[in-house]
C-alpha cells in the first residue's frame, strides 16, 4: 500500500502570561507529533485550538502570514492563562499508517448493477 511522506511536527510551549498555566505546562515543554497520533499529555483545549494548523504543517502546507514556512504559532483558548505554542516542522517521515484504510475508491462504493 501507499505510504506518503509527511512531516513530524514539534509543539513547544513558547510563551505564557504571568499566571500559571492551568495544565501545569512551562515554557519549553514540548511534544513531537506524527499524523494519526495525539500528543500525549497536552491538554484537550490546547490541542483543539491547534489541530487544524498542525495538520496543515504535517502535510507540507504553509500559512501566508508566517515569516518562516516551517514555523507557526497558535494559542490555547484559556483567556486568563493563554499559552502561546510554537509548531515547528521537523524531518519528513513515512506516514505511520497504511493508507489502505484512508483512501476512498469510488468504484468500491458504486451501486451494484
> Which of the residues spanning the range 14-63 are at pLDDT 85 or above, under 11 Å from the mean Cα position of the chain (by Cα) and closer than 17 Å to residue 90 by Cβ?
Replying inline: 31, 32, 33, 50, 53, 54, 55, 56, 57, 58, 59
> Do any strands (runs of 3 or more DSSP E) entirely within the range 28-101 hold 3 or more residues that are without any contact (Cβ under 8 Å) to a residue 40 or more places away in the chain, and if so, which?
Replying inline: 30-33, 71-75
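The values are calculated or read from the model by the stated rules, or taken from the named source; none is laboratory data. None of these values were measured; they are calculated from a predicted model. Every residue, glycine among them, receives a Cβ derived from its backbone with ideal geometry; neighbour counts consider all protein chains shown.
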